[in-house]
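Report on the structure given below.
The values are calculated or read from the model by the stated rules, or taken from the named source; none is laboratory data. Since the structure is predicted, the reported quantities are computational estimates derived from the model, not experimental observations. Reconstructed Cβ throughout: ideal geometry from the backbone, glycine too, with neighbour counts over all protein chains shown.
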């Protein structure tokens, strides 16, 4: 998708158009979202929007990619040395991004459930690509965090994968719970981190008594 004409306009105008698109696509399904509303809110004509992006689908995918970039941007590798400190530092950065970009979070959540055949394949491919990048970063941090644990003689690669999957599922639980009120993620971060630690303790310490049946 070529966006050379769009990239020639001012940064301020680009931002206005993108934010108008994100606002509309984050509150409605792809089919229900209106390009008339989008163009009215950012002060351009529909003809100009299509001159920049050719059609509604391309603009939708562009807005979705902007949202994914903002939410799944690389976060700093934690400076802490303890397992939980590193995990929570990483989670804090994710929560802050959700608080900073609530509409983008809504858009990604809407896109994950979007079933319109007009955009289904392209949006799935886009989401998967960014999730893979995010997983790679998560695994790097997990590798560093695991080095802080005193481990039994086990396969650390499998442990890293297991904890990464487990933690990802836990974080997704909270993202789903607060998808309509992302600002609460940060407000309740201390409570959420306490719960996350309890979940991770189950995995790290086990739940079966010694000698109990398995």
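Residue by residue, here is whether (1) part of a helix (DSSP H, G or I); (2) within 30 Å of residue 146 (Cα to Cα); (3) at pLDDT 85 or above holds:
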| position | (1), (2), (3) |
| --- | --- |
| 2 | no, no, no |
| 17 | yes, no, yes |
| 40 | yes, no, yes |
| 47 | yes, no, yes |
| 65 | yes, no, yes |
| 79 | no, yes, no |
| 89 | yes, yes, no |
Practice prompt. Take segment 20-38 and flag every residue that is in a helix (DSSP H, G or I) and in contact (Cβ under 8 Å) with a residue 60 or more places away in the chain.
Written response: 22, 23, 25
Fill in: Flag for residue 159 being in contact with a helix residue (DSSP H, G or I) (Cβ under 9 Å, 6 or more places away or on another chain) and in contact (Cβ under 8 Å) with a residue 40 or more places away in the chain
no
Item to complete: Return the only residue of 175, 184, 120 being closer than 30 Å to residue 61 by Cβ, within 21 Å of the chain's Cα centre (by Cα) and in contact (Cβ under 8 Å) with a residue 12 or more places away in the chain.
Response: 175
Response to the item:
Per the list (1) surrounded by 16 or more Cβ atoms within 10 Å (Cβ to Cβ); (2) out of contact with any helix residue (DSSP H, G or I) (no Cβ under 8 Å at 6 or more places or on another chain), residue check on residue 83 breaks on (2)
Worksheet item: How many of the residues making up segment 97-147 are out of contact with any helix residue (DSSP H, G or I) (no Cβ under 8 Å at 6 or more places or on another chain), over 22 Å from residue 16 (Cα atoms) and either in a helix (DSSP H, G or I) or at pLDDT below 80 (or both)?
Response: 14
Worksheet item: Is it the case that residue 149 is touching a residue at least 40 places away in the same chain (Cβ under 8 Å) and over 12 Å from the mean Cα position of the chain (by Cα)?
Response: yes
Practice prompt. Quickly run through segment 67-77 and pick out the residues that are in contact (Cβ under 8 Å) with a residue 24 or more places away in the chain, assigned to a loop (DSSP other than H, G, I, E, B) and more than 18 Å from residue 163 (Cβ to Cβ).
Written response: 72, 73, 74
